[in-house]
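Asks: Quick one: structure below, then a few questions.
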Amino acid sequence: MYIVGLCAVVFFAPADPEVRYAGTLAAAAPLDYERGRRHALVVRATDSVTGAAADLAVTVSVLDVNDCAPEFSEPEYRAAVSEAAAVGHTVLVLRAADCDSGAGGEVRYSVAAWRAAADDAAAGSFAIDEQSGALRVATPLDRERRADHHLLVTATDAGSPPLSTAVHVFIAISDVNDCWPRVERAVVGALVSREGARGVAVARVAAWDPDAGDAPRLRFALAAGGGALALDSRSGVLSLARPGALAAAAARSLNVSVSDGARATLARVKLTLAPTNAAAPRFPHLVYEARALENQAPPLLLTTVKAVDDDPGEYGAVTYSIPSARLRETFAVDSASGAVSALVPLDREARAEWAVPVLAADGGGRGQHTLVRVRVADVNDHAPAFPLPEYRAAVRRDRAPRLPFLTPSAADADAGDNARLLYSLDEGEAAGDAAGLLAVDPLTGAITPVSPAAVGNELSLRLHVYRLSWGRHRVS
């Protein structure tokens, strides 16, 4: 046997008697169509005795089978396309080669989304020409909805069985300025105060732009008529510029424009003028007079104080209080209505007049005081009383008649008519041996002898005192 190249020649005895020797040409190793489609061989027959030889040229043609899958020119593809690209625009052309011949070398392309179950929209945005491998835009693109796409392109040959290869394609969508700036709130409230310091921030217009890179380029501008406020063109922060002009500015809303350089959106700033504590509460009277009968059951309404405050809102709301903790044990004031009441029965004999200060304060802490003067009116609740249980006096014999020799004086803790007293002596048997001999002045209580028999004798008598009004209390 002789081996020539990839072939071997094997000699054997033929069955035909006319043919003395024969040989078979066989492959000595696997053949590969892609490495060599034809093999030129020379087969030599040599006489083993004489050494004579004869050569025969043999050409071996290798037939192809579909044993090669298509191969892409790149391990992966990356491309960028504008979101403004028209449908049908070619993004890139993919190339895959198949070294097989015939149908096995014919390549067809298809495209699908990577992990299509979760990304069906990506596949629908692009289409590929199955013959040329040109990847084109299939639907309008929107970078704001999707900034990049991950596709899987497959190249499949027409052999039997068909073989295929897939490659990853990454497409980035480049931005164009096709979106309007957007504000977080179309109407922004701003609470401003005339007492605010210049430069104090009062509100902020927050905005953004879906376009890539446009957010840092946004610029804010204040419409005409906003002289009381200043607007930072980059941050959208509104601050006080002239607090004194707020009275006019607060009567309307202001427009703020937000621009990305090509498009602008408006936001409305609604100004609300904050109340200021410009006025303090004031009472129409510095002193309120109140009169109350003593011994009345509590709570006893004495009077109502009323203060006014010209400020609106919470700064104009007035509350009342009694600053003195000691007086709060006896008196109270309703914090809302200003009604002043006595918490305990008042006793004129203990204290006939009270001075109760009342404070009116507004929501900003400003206040004013007034005084409630309470005069306690008397009630006839005390009986007259002599300071001594008995009185003794000696009268000279030569004393002229009708001259007082003793003036017992009684007292009554009540006031006015309730303290006016009337004196008298017992009459009849109760007068004892002084009957008809002595007399008493009913107003002063002065006792005088009315008969010479009264002088020089020891006499006893009972003196009574009465109130002139509000009932008669008798004291002996």
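Asks: Within the range 233-252, can you find the residues that are at pLDDT 80 or above and surrounded by 14 or more Cβ atoms within 10 Å (Cβ to Cβ)?
Replies: Within the range 233-252, Gly236, Val237, Leu238, Ser239, Leu240, Ala241 meet the criteria.
Asks: For the range 287-330, name all the residues that are in contact with a strand residue (DSSP E or B) (Cβ under 9 Å, 6 or more places away or on another chain), of a type in the set (Asp, Glu) and within 18 Å of Ala342 (Cα to Cα).
Replies: Glu289, Glu294
Asks: Same structure, new question: Quick check: anything in the range 260-275 under 30 Å from Pro357 (Cα atoms) and not aliphatic (A, V, I, L, M)?
Replies: In the first step, residues of the range 260-275 are kept if they are under 30 Å from Pro357 (Cα atoms); the result is 275.
Subset that is not aliphatic (A, V, I, L, M): 275.
Looking through the range 260-275, at least one residue is under 30 Å from Pro357 (Cα atoms) and not aliphatic (A, V, I, L, M).
Asks: Looking at the range 174-221, which of its residues are buried (at least 17 other Cβ atoms within 10 Å of the Cβ), part of a loop (DSSP other than H, G, I, E, B) and among the basic types (Lys, Arg)?
Replies: Within the range 174-221, just Arg194 meets the criteria.
Asks: Let me ask something else about it. Among the residues of the range 363-377, what is the count of those that are at pLDDT 95 or above and among the charged types (D, E, K, R)?
Replies: Of the residues in the range 363-377, 2 are at pLDDT 95 or above and among the charged types (D, E, K, R).
Asks: In the range 133-169, what residues are buried (at least 20 other Cβ atoms within 10 Å of the Cβ), more than 18 Å from Arg115 (Cβ to Cβ) and touching a residue at least 60 places away in the same chain (Cβ under 8 Å)?
Replies: Leu141, Arg143, Ala155, Thr156, Asp157, Gly159
Asks: For the range 342-357, how many residues meet the condition of being buried (at least 17 other Cβ atoms within 10 Å of the Cβ) and either of a type outside the set (A, V, I, L, M, F, W, C) or not in a loop (DSSP other than H, G, I, E, B) (or both)? Break it down stepwise before answering.
Replies: Taking the range 342-357 first, the residues buried (at least 17 other Cβ atoms within 10 Å of the Cβ) are 342, 346, 348, 354, 356.
Retained after the next criterion (residues that are either of a type outside the set (A, V, I, L, M, F, W, C) or not in a loop (DSSP other than H, G, I, E, B) (or both)): 342, 348, 354, 356.
The qualifying residues number 4.
Asks: Among the strands (runs of 3 or more DSSP E) lying completely within the range 89-172, list those that include at least 1 residues that are of a type in the set (D, E, K, R) and either more than 30 Å from Leu63 (Cα to Cα) or touching a strand residue (DSSP E or B) at 6+ places or on another chain (Cβ under 8 Å) (or both). Quick ask: steps written out before the conclusion?
Replies: Values: elements: 90-93, 107-113, 126-128, 134-137, 148-157.
Counting at least 1 such residues, we get 107-113, 134-137, 148-157.
Here is a yes/no grid of residues against (1) exposed (fewer than 12 other Cβ atoms within 10 Å of the Cβ); (2) at pLDDT below 95; (3) over 19 Å from Thr139 (Cβ atoms):
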| position | (1), (2), (3) |
| --- | --- |
| Ala52 | yes, yes, yes |
| Ala57 | yes, yes, yes |
| Asp64 | no, yes, yes |
| Ser101 | no, yes, yes |
| Val111 | no, yes, no |
| Ala123 | no, yes, no |
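The values are calculated or read from the model by the stated rules, or taken from the named source; none is laboratory data. From a predicted model like this one, the values you see are computed outputs, not experimental measurements. Using ideal geometry, Cβ is built from the backbone for each residue, glycine included, and neighbour counts are taken over all protein chains shown.
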